[in-house]
Amino acid sequence: MSLWNELTKPSLAIFYGKQAVNTYQTLRGNIRGLDRELQKTYLQTVEVRYRQLADLLLSQGRLPEAEQVLALLKEEEYSGLLRRRSDPPSDIGYSSAEAAAVSVISQLADLGRERGELAALSDKKALDETGRQRLNKIERELLPQANAEFNRALDAVGREAPDTAVKTAEVKDAQALSSKLRKLGPGTVALYTIVSTDKGRSARGWVMLITPDFRRAYEVDVSGLDETVLAFRAALRSPKGDPRPLAHKLYRALFRTPQPKGAPTLAADLEKYLRDQKERTLMWSLDGVLRYVPVAALSPDGEHYLVESYRNVVFTPASIPTLANPVSRDWRALGLGVSKEHKPFVALPGVPRELSAIVRKDGEQGAGGVLPGAVKLDEAFSAGAMMDGLREGYPVIHIASHFRYDPADPNRSFLLLGDGAHLEMSTFNDAANVFEKTELLTLSACETAMGSNKEANGKDAEGLGYVAQKLGAQSVIATLWPVDDIGTQILMPMFYRLREASPGLAKAEALRQAQLALLTGALKPTTSDTESRGLLTGLNGNVKASYAHPYYWAPFILIGNWK
């Protein structure tokens, strides 16, 4: 792949890149016997090749195939979190010319294998006359014929038009997403991001827009992206600063990077396509460090935020099967929480108040939580209590705890339980659809979706959400940084209250409205809250919007079915 790309033969580079990726896919489940450091090195090397192939496909306008590679990349990234024997490896399909070349390669391999076996017998003086005749035929006739046929096949791959290749390649994942988008309506689009990591070359990235009607790719300016994201996150996590200059810089990079030959930018095409839509939903598949960015907090003009114009949700390959599933009108909730310190994890003193504001005991009316159900706090929140609640079939599981992602061995990533025990991801390897009755899993606490290890490269931002969806959960709400206790106690009950008051309201819209309520000051903390926290001024010094800073509302992301 790399050699043909250097020789500016993109069709042949793509052909060999596909073979590489398909080989990696067959190997994916077979590295568990290696030590942890070797596993980590292997996966890091492999992921680069997926991105290189996706970059090649996007540059050639072969977007459905690129979409499939990006989906496989996500599966590869999270394969360490959930290793289930029942999951067959996926692969990327070949076009007609590519499939013919693969067939010739297979024939050559068979002939080479047979020749080797016969030659070994000849060296040992153990080859009979029939074997000698067969060896001569292979060397003098069959191999030259096969090599000539292989050269013709490669020539056909090189001459195959990109649009022909796209039409004839199997792109099941791309077709599945397009089908879901049609069901979700014209106001919903999907956006894939890819960040090239080629060393020694100028960085390049892409955003691919997918609508029910068309696909289009946009080059993205990713120079200095890691530093910009790091600075943006630092600004977001400091309520006294103004994150909007960096929010605007990232917005321009993703939405307004000038396109070759004066083609429209992503921002222009989105505005044109969604202009007349009352409900506008952007579904994001984010790559690398972009997974640490709350897209809702990007700023189109340096003044306002994207949450004011669009619903923003995240999706992974695990999300696609249930994207258009119907949801219940009446929710019951199981609240699970940890408030005590379990070193190295700090205490979460606001958790009891958060859970009591969300969940009320079944049968109780009037004051109390928004949703009927049950609460398991601290010692009552054990692995057994959690599994019992999942089997009972609560549509909503609200967990206020810590999640630790381990990039060296993702299978050992864990959720902190209330009794101090660790619920490792390996626990779920043999669990069949343990979240199949869960419509919404909310993970509300410190760094549930965002770890501190720099080697994670964004995978921790979606890790537990990916696992939960693979195990049947329709959607997940997680957080991108340690959230503020008081802000969470305002936003999360508001989210559930909006959904409970209007059962037909989409989860994404309920979350957006709750975020806007903090941004605009429609929801205000009590005087005692602000005095105790010293948060009497908002982003613009506005006392009425004490919680307007994105620090309080932006870390919450919705992954999966947003209906």
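The values are calculated or read from the model by the stated rules, or taken from the named source; none is laboratory data. Just so it is clear, the model here is predicted, and its values are computed rather than measured. Using ideal geometry, Cβ is built from the backbone for each residue, glycine included, and neighbour counts are taken over all protein chains shown.
Of all the listed residues (Ser299, Ser319, Ser309, Ser382), the sole one being of a type in the set (Ser, Thr, Tyr) and within 27 Å of Gly418 (Cβ to Cβ) is Ser382.
Per-residue answers, yes or no, for (1) at pLDDT below 85; (2) out of contact with any His (no Cβ under 8 Å at 6 or more places or on another chain); (3) in the same structural domain as Val295 (by TED's automatic domain parsing); (4) aromatic (Phe, Trp, Tyr):
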position	(1), (2), (3), (4)
Lys437	no, yes, no, no
Leu443	no, yes, no, no
Glu447	yes, no, no, no
Ala456	yes, yes, no, no
Gly463	yes, yes, no, no
Gln469	no, yes, no, no
Gln515	no, yes, no, no
Leu523	yes, yes, no, no
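The residue that is nearest to the chain's Cα centre (by Cα), counting only those in the range 262-286 that are part of a helix (DSSP H, G or I) and surrounded by fewer than 18 Cβ atoms within 10 Å (Cβ to Cβ), is Ala267.
Do we have any residue at all in the range 408-421 that's of a type in the set (Phe, Trp, Tyr), surrounded by 20 or more Cβ atoms within 10 Å (Cβ to Cβ) and modelled with pLDDT under 90? Looking for residues that are of a type in the set (Phe, Trp, Tyr), surrounded by 20 or more Cβ atoms within 10 Å (Cβ to Cβ) and modelled with pLDDT under 90, one finds none in the range 408-421, hence no. For the structure I just gave you, tell me whether Gly29 is assigned to a helix (DSSP H, G or I) and modelled with pLDDT of 90 or more. Criteria not met by Gly29.
Here's the yes/no breakdown for (1) at pLDDT 90 or above; (2) of a type in the set (D, E, K, R); (3) closer than 22 Å to Leu518 by Cβ; (4) out of contact with any strand residue (DSSP E or B) (no Cβ under 8 Å at 6 or more places or on another chain):
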| residue | (1), (2), (3), (4) |
| --- | --- |
| Arg280 | yes, yes, yes, no |
| Trp284 | yes, no, yes, no |
| Val293 | yes, no, yes, yes |
| Asp301 | yes, yes, yes, yes |
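Within the range 20-43, residues that are crowded, with 17+ Cβ neighbours inside 10 Å have Cβ atoms under 6 Å from residues that are at pLDDT below 70 in these pairs: Gln25/Pro89; Arg28/Ser79; Arg28/Pro89; Gln39/Ile31; Lys40/Ala408, counting only partners at least 6 apart in sequence or on another chain. Here Leu127 meets the list (1) surrounded by 15 or more Cβ atoms within 10 Å (Cβ to Cβ); (2) in a helix (DSSP H, G or I); (3) modelled with pLDDT under 95; (4) not β-branched (Val, Ile, Thr) almost entirely, failing just condition (2). State whether one or more residues within the range 462-473 are in contact with a strand residue (DSSP E or B) (Cβ under 6 Å, 6 or more places away or on another chain), buried (at least 22 other Cβ atoms within 10 Å of the Cβ) and of a type outside the set (A, V, I, L, M). The answer is yes; a qualifying residue exists.
Counting only residues that are in a loop (DSSP other than H, G, I, E, B) and more than 23 Å from the chain's Cα centre (by Cα), which one in the range 489-510 is surrounded by the fewest Cβ atoms within 10 Å (Cβ to Cβ)?
First pass over the range 489-510, keeping only residues in a loop (DSSP other than H, G, I, E, B): 502-506.
Filter once more, so that each one left must be more than 23 Å from the chain's Cα centre (by Cα): 502-505.
Details: Ser502: 13, Pro503: 11, Gly504: 9, Leu505: 14.
It comes out as Gly504.
Just wondering, is there one or more residues in the range 471-487 that are at pLDDT 80 or above, assigned to a helix (DSSP H, G or I), over 17 Å from Ala400 (Cα atoms) and polar (S, T, N, Q)? Walk me through it before giving the result.
Taking the range 471-487 first, the residues at pLDDT 80 or above are 471-481.
Okay, now just the ones that are also assigned to a helix (DSSP H, G or I), so none.
Within the range 471-487, not a single residue is at pLDDT 80 or above, assigned to a helix (DSSP H, G or I), over 17 Å from Ala400 (Cα atoms) and polar (S, T, N, Q).
Between Ala235, Ala176, the distinction of being among the aliphatic types (A, V, I, L, M) and at pLDDT below 90 belongs to Ala176 only.
If the condition is being at pLDDT below 85 and hydroxyl-bearing (Ser, Thr, Tyr), then the range 183-206 contributes Ser196, Thr197, Ser202.
Please specify each residue of the range 240-290 satisfying the condition of being of a type in the set (Gly, Ala, Ser) and over 25 Å from Tyr547 (Cα atoms). If you could, list the steps in order and put the result at the bottom.
Of all residues in the range 240-290, those of a type in the set (Gly, Ala, Ser) come to 241, 247, 253, 262-263, 267-268, 285, 288.
Once the filter is applied, which keeps residues that are of a type in the set (Gly, Ala, Ser) and over 25 Å from Tyr547 (Cα atoms), the range 240-290 yields Ala253, Gly262, Ala263, Ala267, Ala268, Ser285, Gly288.
Hey, which of the strands (runs of 3 or more DSSP E) in the range 287-403, taking only ones fully inside, have at least 1 residues that are surrounded by fewer than 17 Cβ atoms within 10 Å (Cβ to Cβ)?
Details: elements: 311-314, 333-337, 359-361, 371-377, 396-400.
Correct list: 359-361.
Only a single item in (1) outside any helix (DSSP H, G or I); (2) surrounded by fewer than 16 Cβ atoms within 10 Å (Cβ to Cβ); (3) within 22 Å of the chain's Cα centre (by Cα) is not met by Glu227, and it is number (1).
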